[in-house]
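Here the structure comes first, spelled out in structure tokens, and everything after it is commentary.
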Amino acid sequence: MRYRTLGGTGIEVSAHCLGTMMFGAVGNPDHEDSVRIIHAALDQGINFVDTADMYSRGESEEIVGKALKGRRDDVVLATKVHFPLDDGTRNRSGNSRRWIVQEVENSLRRLDTDRIDLYQIHRPDYSTDIEETLWVLTDLVSQGKIRAFGCSTFPAEDIVNAYHVAERRGYGKFRTEQPPYSLISRGIERSLLPTTQRLGMGVLTWSPLASGFLSGKVRKDQPVDLTTGRAALTPFRFDPSIPGNAAKFDAVEQLIEVAEGIGCTLPELALAFATTHPAVTSVISGPRTMEQLDGLLKSADLTLDDATLDRIDEIVPPGTDLYQPDGAWRPPSLTTPALRRRPITER
């Protein structure tokens, strides 16, 4: 297992991070089995564990807390805050001081620990001034409740803005960013990764298998079960009859040939690829079973040569997004028509 320094924190983390989104009701509801998987990952050299308060409404954090009993000091523990845990309750989500102060205590309780090594803002919140968010995070560091803080799925311009606000106000800075990144989702190579490099930030990437599209089970000219798993949640992403999906299926077939040519599986190729970019500190993988964890660990021994990377670049050019991961954040400037259209009287 390779280890890298996390941004400017001085903390060393494994190049592969154990994601825990699939532990709990939405994935593996068996707590004992989930704990065994976490222990197996730690025994194989992974020292970085990432969770979030919203994963299975806090259940994932509880499972991680159980697994880390007696091993807490050997693990770099990361969690996140932003999303609501309850339906229809006001002021119980977002990036406000009020919510973060309340929810960090809940995360500490569920994780059964007295500190969080990396506390991340799960998504942007334009209803809250970034100064408010940085202020409370800096206070939590001073109080010893968190060691460092970062952001997740923030656009480059928001990261730069947060950096300058922190500089002006004397607050702590975001030390990390957690974006989606895979063989078929390379958009962050355009501006996000160069930005994090210039600012000295660590990067933890998620969805290296593109929500299962790079699992090797989704193939061209083969029937796709749209009733289970990720395909059931977003069938339009996986339905081969939709013309816009053709490029993804074609790329997968070519990438499978690349993997077979170097004697590995497509998932192993995908994980190894994500660790290759010099801006990427650690790649988050979220296994649900021990078998899936074994596949993750095999990729840790795989080194891709320049010829392989050149071939990947031919199939999916750098900076190209063939696939938009589930849960990837889209700014209001794209999702709110009124922000893109002048009033009818002014056109």
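The values are calculated or read from the model by the stated rules, or taken from the named source; none is laboratory data. A quick note: this is a predicted structure, and the numbers were derived from the prediction, not measured. Ideal geometry is used to build each Cβ from the backbone, glycine not excepted, and the neighbour counts take in all protein chains shown. The accessibility values were calculated without ligands, DNA or RNA, using every heavy atom of the protein model including side chains. Shrake-Rupley method; radii C 1.70, N 1.55, O 1.52, S 1.80 Å.
Descriptive notes on the structure:
- With all protein chains in place and ligands, DNA and RNA left out, the 1.4 Å accessible area ranks T5, T20, T345 as T345, T5, T20, largest first.
- Annotation: amide H of V76 within the under-5 Å range of F48, V49, sequence separation 5 or more or interchain, hydrogens built in the peptide plane.
- Per residue, the accessible area of the chain comes to 46 Å² when a 1.4 Å probe rolls over the protein heavy atoms.
- Accessible surface of the chain, 1.4 Å probe, proportion on carbon and sulfur as whole %: 48
- Of the residues W206, W99, the one with the largest accessible area comes first in the ranking W206, W99, computed with a 1.4 Å probe on protein heavy atoms.
- Shown for the chain is the translational diffusion coefficient from the Stokes-Einstein equation, using the Kirkwood radius over Cα pairs, a temperature of 37 °C and a viscosity of 0.692 mPa s: 157 µm²/s.
- Estimated D of region 52-99 in µm² per second, where Rh is the Kirkwood radius over Cα pairs and Stokes-Einstein applies at 4 °C, 1.567 mPa s: 107
- 3J(HN,Hα) couplings calculated from phi for region 266-283 with the Karplus curve 6.51 cos²θ - 1.76 cosθ + 1.60 (θ = phi - 60°) are, in sequence order, 4, x, 5, 4, 4, 5, 5, 4, 5, 7, 7, 5, x, 7, 8, 8, 8, 10 Hz; Gly and Pro show x.
- Sum of -39500 (n - 2.57) over DSSP H runs of 4+, divided by residues of the chain (222 nm, nearest 500): -11000 deg cm²/dmol
- Normalised contact order of region 1-89, rounded percent, pairs of Cα under 8 Å and 6 or more residues apart: 28
- Part-to-part distance (alpha-carbon centres) for region 128-195 and region 1-66, which is given in Å: 21
- Cross-link reach is defined here as a Cα-Cα straight distance under 30 Å, omitting same-chain residues fewer than 8 places apart; for K298 the lysines meeting it are K66, K69, K80, K217, K220, K248.
- Computed with a 1.4 Å probe on the full set of protein chains, the accessible area for F236 sits at about 120 Å².
- Across the chain, Cα pairs under 8 Å and at least six residues apart give a relative contact order of 18 percent.
- Inter-label distance for T234 and E253, nm, one decimal - labels placed 7 Å from Cα along Cα-to-Cβ: 2.3
- Area of D306 that stays accessible when all protein chains are in place (1.4 Å probe, Å², to 10): 110
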